[in-house]
Amino acid sequence: MGGMPWKRVELAALVLYALGFYLVVIRKSLRLSHDYSGRLYGLRAGSLAGHLNDLSDAQWRNFRGNLPILTGVMAAFLILVNTLRYCYGLKGRGTALAWLILSLSYLCYLHGACVVFILLIALINYSMVKIFAHYKYCTSLIWSFNLSVLILNRVYEGYSFSLFGQNLSVLDNYRGTFRWHICFNFVVLRMISFGCDYCWTIHSSHFDHKKHIQKCQVCYSGKTCYFALQEKGLSVDRYTFLTYLCYLTYAPLYIAGPIVGYNAFAAQLEVPQKNYSFAQISLYGLRWILSFLLMEGMTHFFHYNAFVVSRLWQQLSPFEIFIISYGVLNFMWLKFFLIWRYFRFWSLVGGVETPENMPKCINNCHDLESFWKSWHASFNRWLVRYLYIPLGGSRRKLLSIWVIFTFVAVWHDLEWKLVSWAWLTCLFFIPEILVKSLSNKFQASSSLGMLVHREFKAIAGAVTISCLMVANLVGYVVGPSGIKVLISKMAGKEALPALAFIFTTFYVGVKLMFHIREASSSQQG
């Protein structure tokens, strides 16, 4: 009890600092956006108080612009499938067939004649899995084939029909509205998932469902959580070509995910998800609308991404570069948050639960491990199941992270800046793994020891956030070519006050995270 007043004083001081920090950042951001608006690329006429709207990010611009059409398609698909499901009692194969017909029509609009490439590669993968599933090297064969497809798709930019004969070149005029090989990156993950799930089912599943129920509140209550659906193998006759094709092309998740494993997907075609009620899904949709309005306000008043696209960040002071960098990372988080939650909402209404991709805010992660569990979380789960555990899990963690992050970089695109991002992240991961290992062995018993341990964790967290910010800036903002400019800006004596302020801010942020976690733990307790 004696430590409580001290913690309250600390919390009050931290909150006051955080409020002051955000006031400074907001004021400076407004000033920068106003002063440079005439020189920024990607600004469009806005709808809020006469402010220009920052639509410099192509991914967000396309998603936002196509939102009315996409929502119309979503409504039509859901009404049709759910009507058929409840009026005719469709299950399993019937639901798969209904979704497959609708999804293929969706793909034909998106990719035109290039749907042929998708179906052909899918057929080869399916045949290979079925033929070699009983052999021990089957999973290695699945990975080799899909990695080759991933790389070749990028090298040949989705191929041209003329490569296979001049008489087919006319089909190059009907390639649809969206490049198929970009979306196919997600299809590759699904093909690997199908192949591995089938092979592991044949060679017996090691999932202990009774033991899981004792630890899982969802399963203990009589429902079935996503993890149990994924880990529990299906009967061999459920791995059919119809369900497989439906899984690969499932419209709600086709463009951007979230990523769902084959076992979990096929199980929910038979029995639609029951973990989310109608009221919960409606509230989920309402929260999405409010988040979208937040994004509209952000892009109208703060033109962070436009500074990066226009490369004007190079003309700013070190502190201003930090503000733009911090703003860009928050913009990216909110952009992906909105895109992924939109498609997850579509999938939930369709009866298929998927993992949440952004379960935690970017500003509430103080180590690399928790960050990657919360950023594209469904991909993280996929990597753990299909790559991390087969590579040896925690026994070979220092080695496996290099393989995993290199794959993640290549999966995103064949660009050196992404490989640089991946290897930088691995370099920053190694000290964290070692420090965590030592920290787990050190058990503080005295009040002084606990205080020192807490401060050490806060400082380590601030260092980690700094490293994480640098890695993401290299991978997604400045690129390898901008590293020299960034270093030259941040290495001078005039940058020292800004760097000290930045590090102090990260330290305060980590301490606030500690308080939030302690409050959550006490409530759960």
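One table, with the values for the structure above:
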{"item": "Full-extension gain in nm, Glu270 to His453, via 0.36 nm per residue minus C-alpha separation", "result": "60.8 nm"}
{"item": "Cα extents of the range 170-214 along the three principal axes, largest first (Å)", "result": "57, 23, 10"}
{"item": "Ordering of 459-467, 288-296, 57-65 by packing [mean C-beta count within 10 Å, highest first]", "result": "459-467, 57-65, 288-296"}
{"item": "Efficiency of FRET between Ile281 and Glu494 - r from beta-carbon atoms, R0 41 angstrom, step 0.05", "result": "0.20"}
{"item": "Estimated distance in nm for a label pair at His412 and Cys108, the labels positioned 7 Å out from Cα along Cα-to-Cβ", "result": "3.6"}
{"item": "Inter-label distance, nm, simple model (7 Å from Cα along the C-beta direction), Ala75/Ser221", "result": "3.1"}
{"item": "Relative contact order for the chain, counting Cα pairs under 8 Å that sit 6 or more residues apart, in percent", "result": "18"}
{"item": "Label point at Leu30 placed 7 Å out along Cα→Cβ; residues across the range 327-342 whose backbone nitrogen lies under 19 Å", "result": "327-328"}
{"item": "Carbon and sulfur %, accessible surface of the range 148-224 computed with the full protein complex present, 1.4 Å", "result": "56"}
{"item": "Accessible-area value, Asp237, 1.4 Å probe, nucleic acids and ligands omitted, Å²", "result": "110"}
{"item": "The chain, accessible area per residue, ligands and nucleic acids excluded (1.4 Å, Å²)", "result": "49"}
{"item": "The chain: DSSP helices with Cα axial extent of at least 27 Å and average Kyte-Doolittle hydropathy no lower than -0.5", "result": "4-35, 67-88, 180-202, 278-301, 318-349, 416-441, 447-476, 496-524"}
{"item": "Backbone N within the range 238-263 under 18 Å of label point (7 Å from Ile131 Cα along the Cβ vector)", "result": "241"}
{"item": "Alpha-carbon Rg/Rh ratio, for the range 66-170, with Rh computed the Kirkwood way", "result": "1.07"}
{"item": "Stretch gain in nm, segment Ala12-Thr240, where the contour uses 0.36 nm per residue and the Cα spacing is subtracted", "result": "76.2 nm"}
{"item": "Cα-based reach from Lys211 at 19 Å (exclusive), listing aspartates and glutamates while leaving out same-chain residues under 8 positions away", "result": "Glu231"}
{"item": "Over the range 237-301, volume per residue of the alpha carbon convex hull, in Å³", "result": "101"}
{"item": "Extension gain (nm, one decimal) between Val116 and Phe207, 0.36 nm per residue minus Cα-Cα", "result": "29.0 nm"}
{"item": "Long-range amide H partners of Leu48 with built H, under 5 Å", "result": "none"}
{"item": "D (Stokes-Einstein, µm²/s), Kirkwood Cα radius, the chain, 1.567 mPa s at 4 °C", "result": "51"}
{"item": "Lys/Arg +1, Asp/Glu -1 at C-beta; the chain dipole; positive extreme among Pro390, Phe456, Tyr137", "result": "Phe456"}
{"item": "Value of relative contact order over the range 271-351, rounded to a whole percent, pairs C-alpha under 8 Å and six or more apart", "result": "50"}
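The values are calculated or read from the model by the stated rules, or taken from the named source; none is laboratory data. Here the structure is a predicted model, which means the values were calculated and not measured. Heads up, the Cβs are rebuilt from the backbone with ideal geometry, glycines too, and the neighbour counts pull from every protein chain shown. Accessible surface areas use protein heavy atoms only, side chains included; no ligands, DNA or RNA. Shrake-Rupley method; radii C 1.70, N 1.55, O 1.52, S 1.80 Å.
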